[in-house]
Amino acid sequence: MIIDVFTTDSRSDQSANEALAAWFAAQSTAPDFVALHQSVAHSLPETGLPVTTSLHGATSCLGVMSQEGPFIDDGIGAFAIWDKEGDFGTALRALGDDSRAAAQAATEAALLAANRPGEAPDVIWLSCSPGSEEDILKGIEDIVGENVPVLGGSAADNTVEGHWHVFDGQTSVGDGVIVSVLFPSKPISFAYHNGYAPTIHEGKVTKADGRLLHEIDGRPAADVYRSWTGDTVIPEDVTERTAILSESTLSPLGRHLDDVGGVPFYLLLHPAGVLPDGTLELFADAEVGDTLTLMSGAPDQLTGRAGKVAALAAESGRLRPSGIAGALMVYCGGCMLAVKDNLADVSDGVVAALPNVPFLGIYTFGEQGMVMGGRNRHGNLMISAIVFAS
């Protein structure tokens with residue numbers, strides 16, 4: 001198996017796509033799988049790749065990162081795998097009015113494209129439009145079961161205005177899902193974590209409807225959240241829907257799922273807005289009965305965490321950097337925007353953990369991954385890594 005990564009951050013759509021196409025043309029053979037992620041500033045790329053290449057595309061907030069650093073001036077990144085002994089398949093579907101069914105169809109089509117129908121892949125790389133990720137994960141698991149790790153991230157734009165899209169070599173969809181099934185010839189390992197610490201504040205969800213969190217401990221959720229965070233996130237008087245996405249980035253809510261190695265694992269929920277009736281809008285589902293903990297983050301924790309997650313992914317597979325062909329990483333777009341001026345520290349941390357390993361990192365508006373020893377989950381403000389053995 002051979003893995004290589006291409007990155008550029010040209011603001012010119014034409015020059016960026018020409019550089020990408022030239023990079024593919026310079027290869028001795030076409031790759032078997034490509035994960036292509038780019039800023040929404042760029043059009044559907046013309047890669048020149050043959051139909052035999054499994055191409056998985058999705059937009060990423062501002063750009064990407066790699067072993068060469070961050071590329072956030074309308075960046076483009078390609079993660080390419082050459083592995084003739086492996087099998088790879090990708091399929092894109094519009095979500096329509098049934099996200100679960102769309103994910104089922106995309107997964108079945110991806111398995112067929114890999115010539116492995118009815119089999120369980122080693123890992124699934126997922127990109128989808130934000131909004132129904134929990135149903136999309138259920139749809140994938142309907143086809144491959146609950147034991148196949150699904151990692152990836154929700155497509156993103158630069159302004160949280162819904163301009164994101166997913167794409168393959170022929171089609172781009174604003175409201176869709178793209179699933180890639182990977183059967184590499186060498187082992188993979190992964191990690192899925194966050195960079196936040198729990199505080200003493202917690203309460204139980206007593207009323208919720210999907211991503212609308214109405215009550216905590218029988219009180220309006222916004223009132224409870226304000227009592228935990230002071231005046232730093234929610235203004236005192238809310239007379240209309242008020243966005244708090246950036247203000248809440250360092251103070252998300254955490255749902256305790258399990259302990260990993262004696263350390264509690266929290267799946268994070270990012271408050272995006274507050275309504276006049278005290279409802280909090282979230283970027284992930286809350287369920288009645290969940291115990292939510294106020295989490296606390298700091299810029300240095302967020303910049304340093306990506307390297308730690310990359311190292312943990314390698315350790316979980318008992319892989320040394322010299323035995324790793326490449327890595328795919330997901331880093332929350334909200335975290336990225338919070339530490340935008342220090343993004344070089346993020347990529348440097350990954351390089352320190354995986355020296356001489358090509359990697360591609362994307363900035364997403366929702367992150368999917370498998371909790372160690374557990375189920376695939378959708379969360380916010382999370383970080384994940386997949387490492388591929390050489």
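The values are calculated or read from the model by the stated rules, or taken from the named source; none is laboratory data. Quick caveat, the model's predicted, so the values are computed rather than measured. Methodologically, a virtual Cβ is constructed for each residue, glycine included, from the backbone with ideal geometry; neighbour enumeration extends over all protein chains shown.
Worth pointing out:
- Residue within the range 202-213 that is among the acidic types (Asp, Glu) and assigned by TED's automatic domain parsing to the domain that holds Lys308 present: no
- Taken together, Leu49, Leu55, Leu137 contain a single residue that is touching a strand residue (DSSP E or B) at 6+ places or on another chain (Cβ under 7 Å), buried (at least 23 other Cβ atoms within 10 Å of the Cβ), within 22 Å of Ile2 (Cα to Cα) and not polar (S, T, N, Q), which is Leu55.
- Unmet requirement for Gly374, which otherwise passes all of (1) among the small types (Gly, Ala, Ser); (2) surrounded by fewer than 22 Cβ atoms within 10 Å (Cβ to Cβ); (3) over 17 Å from Leu137 (Cα atoms); (4) modelled with pLDDT under 95: (3)
- The set of residues in the range 19-75 that are part of a loop (DSSP other than H, G, I, E, B), within 24 Å of Asp348 (Cα to Cα) and of a type outside the set (Gly, Ala, Ser) comprises Cys61, Leu62, Gln67, Glu68, Ile72, Asp73, Asp74.
- Selected residue (only one of Pro264, Pro271, Pro252 is buried (at least 20 other Cβ atoms within 10 Å of the Cβ) and in contact (Cβ under 8 Å) with a residue 60 or more places away in the chain): Pro252
- Criterion (farther than 17 Å from Ala197 by Cβ and at pLDDT below 95) met by exactly one of Ala314, Ala243, Ala298: Ala243
- Taken over the range 176-211, the criterion of being touching a Phe, Trp or Tyr at 6+ places or on another chain (Cβ under 9 Å) and assigned to a loop (DSSP other than H, G, I, E, B) is satisfied by Pro184, Lys186, Pro187, Tyr196, Arg211.
Per-residue answers, yes or no, for (1) crowded, with 17+ Cβ neighbours inside 10 Å; (2) in contact with a Lys or Arg (Cβ under 7 Å, 6 or more places away or on another chain); (3) of a type in the set (Asp, Glu):
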{"residue": "Leu280", "(1), (2), (3)": "yes, no, no"}
{"residue": "Asp290", "(1), (2), (3)": "yes, yes, yes"}
{"residue": "Ala313", "(1), (2), (3)": "yes, no, no"}
{"residue": "Arg318", "(1), (2), (3)": "no, no, no"}
{"residue": "Ser322", "(1), (2), (3)": "no, no, no"}
{"residue": "Val330", "(1), (2), (3)": "yes, no, no"}
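- Some residue of the range 266-281 being among the hydroxyl-bearing types (Ser, Thr, Tyr), at negative phi and modelled with pLDDT of 95 or more: yes
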